[in-house]
Amino acid sequence: MCRTLASSFDVHLIAVHPSHTTIDGVIIHPFKRYHNRKFRIAFGWLIMFFKAARLNAKVYHLHDPELIPCGLLLKWVLRKKVILDIHENIAEDIFDKPWIKNQKLVFSIFTFFEKLACKSFHIMLAENSYEKRYHQLSKDNSTILNFCDIDFFKPFEKKQYNNKLQLYYIGIVLENRGILQIAETLNKLLIEGYETDFHCVGELYSDLERKLRSLPYYPDIQSHLHFHGRMKLEEGYRLAEQMDIGLCIIWPMKNSMESYPTKLFEYMAVGLPVITSNFPLYQQTIEGNGCGLCVDPFDTEKLKTAILEIHNDVKKSELMVENGKKAVREKYDWKSQIPLLMGVYKRLLE
């Protein structure tokens, strides 16, 4: 989004980054990562406000609900134009985050600020499914779908296939991303004699690591689990060149069932057959385009069967790869959203 806007505007990105730099025309201002969640929520938005105010921009585009108070100050005090980008059904997502205590109280506080934001900001939605909620809350909104930048992923297309079975996941590493189910499936594949590895890119939280290590078969799968930690997107997808199947085994949560996981499009773009959860939206995207299979995210036997169906049928897997690339080009390319994004900015700046 920043690279796209930088073709026509002066774009600054305030984000967690090691240094002040410019990448692809985007001027990046480093922001400290606050690991203490309570401190970040209580004071992060205020620190961000002072950092953002110094830029004296014409439009501020927020990508985090924690920054709504920052946006309100920018709007009310500095009279700036503000966009709030909605990547998820945030209100519903509160009840799917186990670390949030007093979820009903947090929900009430969030919806109060959300209503203020919808009255004060331009609301940009990343999913069609969010329209039914936010069209009621805001008259000033647009939908810009979070599709895939094909050109970015072309260098990371899978080059060759081998007999060793390499499973791949990239993204936030939580229990509700099916990590324990994937571990159980990995154990079943190894028992049946399939030389299999699971490569995971993303930060592994300590509680999930503890649960993995407590699995009775963990010693048998330990050497086949590869947690690479947080990586730059380019580095994470460079691994994909050696992978065979992209996994996205998300549990059935209201927010996830109605939202596109961006990684589905990314897997398709780099040439990986996809196995994902059997939600209607995912089935329409993956099985509807013939680029993978959908399974019950809790059924490890069906997940194993799906993996072997792709692995053992080379012609089917190659067809899935070509279908995925074709679908991304024709249906899920970021280029289709560029005129909509530019239109919003031009209108706000008039």
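Here are the numbers:
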| item | result |
| --- | --- |
| Sorted by Cβ density within 10 Å, fewest first, the residues Ile86, Ile307, Ile144 | Ile144, Ile86, Ile307 |
| J(HN,Hα) series, region 336-341, from Karplus relation 6.51 cos²θ - 1.76 cosθ + 1.60, nearest Hz, glycine and proline x | 5, 9, 4, x, 5, 4 |
| Cα gyration tensor shape for region 150-331, rounded if a/c is under 1.5, else prolate or oblate | rounded |
| Degrees, to the nearest 10: 103-120 long Cα axis against longest axis of the chain | 50 degrees |
| Region 150-331: relative contact order as a whole-number percent, Cα under 8 Å and 6+ apart | 25 percent |
| Whether region 297-350 is rounded, prolate or oblate, judged on the alpha carbon gyration tensor where a/c under 1.5 counts as rounded | oblate |
| Fewest-first ranking of Met231, Met268, using other Cβ atoms within 10 Å as the exposure measure | Met231, Met268 |
| Whole-number percent relative contact order across the chain, with pairs defined as alpha carbons under 8 Å at least 6 apart | 14 percent |
| Neighbourhood net charge (14 Å Cβ-Cβ; Lys/Arg +1, Asp/Glu -1) for Leu341 | +1 |
| Full-stretch length increase - Lys119, Glu195 - with 0.36 nm per residue and alpha-carbon distance subtracted | 21.8 nm |
| Debye log10 I(q)/I(0) for region 154-240, one point scatterer per Cα, at q = 0.10, 0.24 Å⁻¹ | -0.26, -1.27 |
| Linear extension gain, Ser108 paired with Arg40, 0.36 nm per residue minus alpha-carbon span | 22.5 nm |
| Cα-based Kirkwood hydrodynamic radius, region 256-346, one decimal, Å | 13.9 Å |
| Residue-by-residue Karplus 3J(HN,Hα) for region 229-245, coefficients 6.51, -1.76, 1.60, Hz, glycine and proline x | x, 6, 9, 4, 4, 4, 5, x, 7, 5, 5, 4, 4, 9, 8, 10, 9 |
| Inter-label distance, nm, simple model (7 Å from Cα along the C-beta direction), Arg347/Lys316 | 4.6 nm |
| Net lengthening on full extension, His226/Arg3 (0.36 nm per residue, minus Cα-Cα) | 77.1 nm |
| Computed E for Thr22/Asp299 - FRET, C-beta separation, R0 56 angstrom, nearest 0.05 | 0.70 |
| Dimensions in Å of the chain - Rg and Dmax from alpha carbons | 21.2, 65 |
| Volume per residue of the C-alpha convex hull in region 180-224, rounded to whole Å³ | 69 Å³ |
| Fewest-first ranking of Glu157, Glu258, Glu350, Glu131, using other Cβ atoms within 10 Å as the exposure measure | Glu350, Glu131, Glu157, Glu258 |
| Helix axis angle, 179-191 relative to the chain longest principal axis, alpha carbon, degrees | 20 degrees |
| Amide H partners (placed H, <5 Å) of Leu125, local residues excluded | Ile86, Ser142, Thr143, Ile144 |
| Rough spin-label spacing in nm, given labels placed 7 Å along Cα→Cβ, for Glu131 and Gln284 | 1.1 nm |
| Nonlocal amide H pairs with His29, under 5 Å, H built at 1.01 Å | Leu13, Ile14, Ala15 |
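Read-outs: derived from the displayed coordinates by stated rules, not from any lab. Predicted model, so just to flag it, every value in this text is computed and none were measured. Every residue, glycine among them, receives a Cβ derived from its backbone with ideal geometry; neighbour counts consider all protein chains shown.
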